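Q: Okay, handing you the structure first.
Just so it is clear, none of the values below were taken in a lab; they were calculated from the coordinates. Note that this is a predicted model, so its numbers are computed, not measured. Positions of Cβ are generated from backbone atoms using ideal geometry, with glycine treated the same way; all protein chains shown enter the neighbour counts.
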Amino acid sequence: MNQVVKQMDPVQSGGFEMTFAGAEFKALLSGALYWPDHQTLLVADLHLEKMSSFAKSRQFLPPYDTKATIQRLTNDIAVTGAQRVIALGDSFHRDEGTTTLSDEDASALATLTQSIDWIWIAGNHDPSTHELGGNCCESVALDGLTLSHEPDAKIANQIAGHLHPAAHVRINGRSIRRACFVADETRLIMPAYGVSTGSLNILNAAFQPVIDRSKMMIAVIGREQIYPVAKRHLIGR
């Protein structure tokens, strides 16, 4: 059987070097994937303007998530030297998200999208993002990989988001629950990148159609480093 996922090795900078479908990536503490061969930063599920959306339903939370997520993007672009960003859908939390951006946040986002090649992949929450700069599409095919929003068992060698994976891990009597990258031989699902996003346990039934548990590999995002985790340490709640 063609082994398309190799062991993920820790890197001193806090990221992980990982190979998926023959392509080399670096997984970052932010939840992004950097693809050095294409100078491309992959991010999923930014959910910009989530707190603004909550305010409309009278859930008044500090509306600083968009600013913090844009700053995270700015930092990752600077650190990696990325010349392209591909956002894998659900870049905004609701359809009206682009209309609620503050002038400052809209300007900061436009500065990013106009400074490098930027691709917005459509997700199930996204409005039309063409007014923000960049190009919009349903998916991207690059070097034998398909980059799209929702994981699809019919697509081989796919990188997707949508499910916001997290691992609940118990080791040596202690347990933690953290966002993670999860992959098998045909699919890699990225964690949500937005600072105010929720997460879903990778043992949830939603992952069963798209991730083969017998071949599942997990990289958990810690505070200072990303760690490989064996399946035997997972907790299903």
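Q: Each label point is 7 Å from the Cα along the Cα-to-Cβ direction; what then is the distance between the points at E104 and L142, in nm?
A: A separation of 3.1 nm, rounded to one decimal place.
Q: Sticking with this one: Can you pull the one-decimal nm distance between simple spin-label points at N135 and A230, each 7 Å off the Cα toward Cβ?
A: For the pair N135/A230, the computed spacing is 4.6 nm.
Q: Now for a different question. So for each of 64-71, 184-191, 169-176 I average, over its residues, the number of other beta carbons within 10 Å; can you give me the resulting order with the highest mean first? Display every interim value, and only then the final one.
A: Details: 64-71: 19.1, 184-191: 23.6, 169-176: 10.8.
Going from most to least packed, we get 184-191, 64-71, 169-176.
Q: Now a separate question. In nm, to one decimal, how far is the H38 label point from the Y64 one, both placed 7 Å along Cα→Cβ?
A: 3.5
Q: Follow-up. How much length would be gained if the chain were fully extended between A78 and Q114, taking 0.36 nm per residue of separation minus their Cα-Cα distance, in nm to one decimal?
A: Working: separation 36, 0.36 × 36 = 12.96 nm, distance 1.48 nm.
Extra length available between A78 and Q114 comes to 11.5 nm.
Q: Please work out the FRET efficiency for the pair A205 and I171, using the Cβ-Cβ distance as r and a Förster radius of 25 Å; give the result to the nearest 0.05. Could the numbers behind the result be given before it?
A: Numbers: r = 24 Å, r/R0 = 0.97.
In this case the efficiency is close to 0.55.
Q: Quick check on the exposure proxy: order C180, C137 from fewest to most C-beta atoms within 10 angstrom. Mind showing how you got there, number by number?
A: On the way: C180 28, C137 13.
Arranged by neighbour count, lowest to highest, C180, C137 become C137, C180.
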